[in-house]
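S.K.: Below you will find the structure I want to go over with you.
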Amino acid sequence: RQAGDRARAVYANDKAVDHYDTALDALDRLPGAVDPALAYELNLARETIHDLQGDREAQAASLDSLVSLAEQLADEQRQAAVALRQAHYAERTGDFPAAIDAAQRAIQLGQAARNAVGEAEGHVRCGQALTRQGAYEDAD
């Protein structure tokens, strides 16, 4: 993980992804239960890089892993963060209805977790997706 973080800090994104992949593979090979919090953090870092690189297929796979890990952790904060990442992904791929759904999920999870920032980010994402669809009145 540290090698991935160092590579990411100097924009060596391909190397960073390789290091995060290596760390995730090592986690899978460890005897006993995988630390889902660490796996979540590694996947989140990897997903962010895939987004920067425009590698949507790899980004979607990382998002799927993040959804599963956030649910496994039963952590509404992480679930809200993943919903925001899903809204961002959907907006980037032009799937505005999915972006709105994910943003609304983030709003609900932010409210449940008493996370005003996450809730506000959900409203911003929802408004952006509605605006891109031309639903300006709904975006208020």
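S.K.: In whole Hz, with x marking every Gly and Pro, tabulate ³J(HN,Hα) for segment 14-22 from phi via Karplus 6.51 cos²θ - 1.76 cosθ + 1.60, θ = phi - 60°.
M.R.: Here the 3J(HN,Hα) series is 4, 5, 4, 4, 4, 5, 5, 4, 4 Hz.
S.K.: Using only the alpha carbons of segment 53-95, what is the convex hull's orientation-averaged projected area in square nanometres?
M.R.: 2.8 nm²
S.K.: Tell me the carbon and sulfur percent of the accessible area for the chain, rounded to whole percent, probe radius 1.4 Å.
M.R.: 48 percent
S.K.: On full extension of the chain, what length is gained from D138 through L38, given 0.36 nm per residue of separation minus the C-alpha to C-alpha distance?
M.R.: Full-extension gain reported as 32.1 nm.
S.K.: Also, I was wondering about something else. If you project the alpha carbons of segment 1-46 onto their three principal axes, what span does each projection cover, largest first, in Å?
M.R.: If we take the Cα atoms of segment 1-46, the spans are 34, 16, 13 Å.
S.K.: Pairing the Cα long axis of helix 56-73 with the longest principal axis of the chain, what angle in degrees results, from 0 to 90 and rounded to the nearest 10?
M.R.: 90 degrees
S.K.: Using a 1.4 angstrom probe, figure out how much accessible area the chain has per residue, in square angstrom, rounded to the nearest whole.
M.R.: Dividing the accessible area of the chain by its residue count gives 56 Å².
S.K.: While we're here: Which of these, G122, G94, G32, has the largest mean-square fluctuation under a Gaussian network model of the chain (Cα springs below 10 Å)?
M.R.: Evaluated over the chain, the most mobile residue of the options is G32.
S.K.: Please report, in whole Å³, the volume per residue of the convex hull around the C-alpha atoms of the chain.
M.R.: 106 Å³
S.K.: While we're on this one: Based solely on C-alpha atoms, express the radius of gyration and the Dmax of segment 80-140 in angstrom.
M.R.: When restricted to the Cα atoms of segment 80-140, Rg and Dmax are 10.5, 31 Å.
S.K.: In units of 2.2 N^0.38 Å, what is the alpha-carbon radius of gyration of segment 14-97?
M.R.: Details: Rg = 12.9 Å, N = 84, 2.2 N^0.38 = 11.8 Å.
Compared with the compact-globule rule of thumb, segment 14-97 sits at 1.09.
The values are calculated or read from the model by the stated rules, or taken from the named source; none is laboratory data. Since the structure is predicted, the reported quantities are computational estimates derived from the model, not experimental observations. In case anyone asks, the SASA skips ligands and DNA or RNA and just uses the protein heavy atoms, side chains included. Shrake-Rupley method; radii C 1.70, N 1.55, O 1.52, S 1.80 Å.
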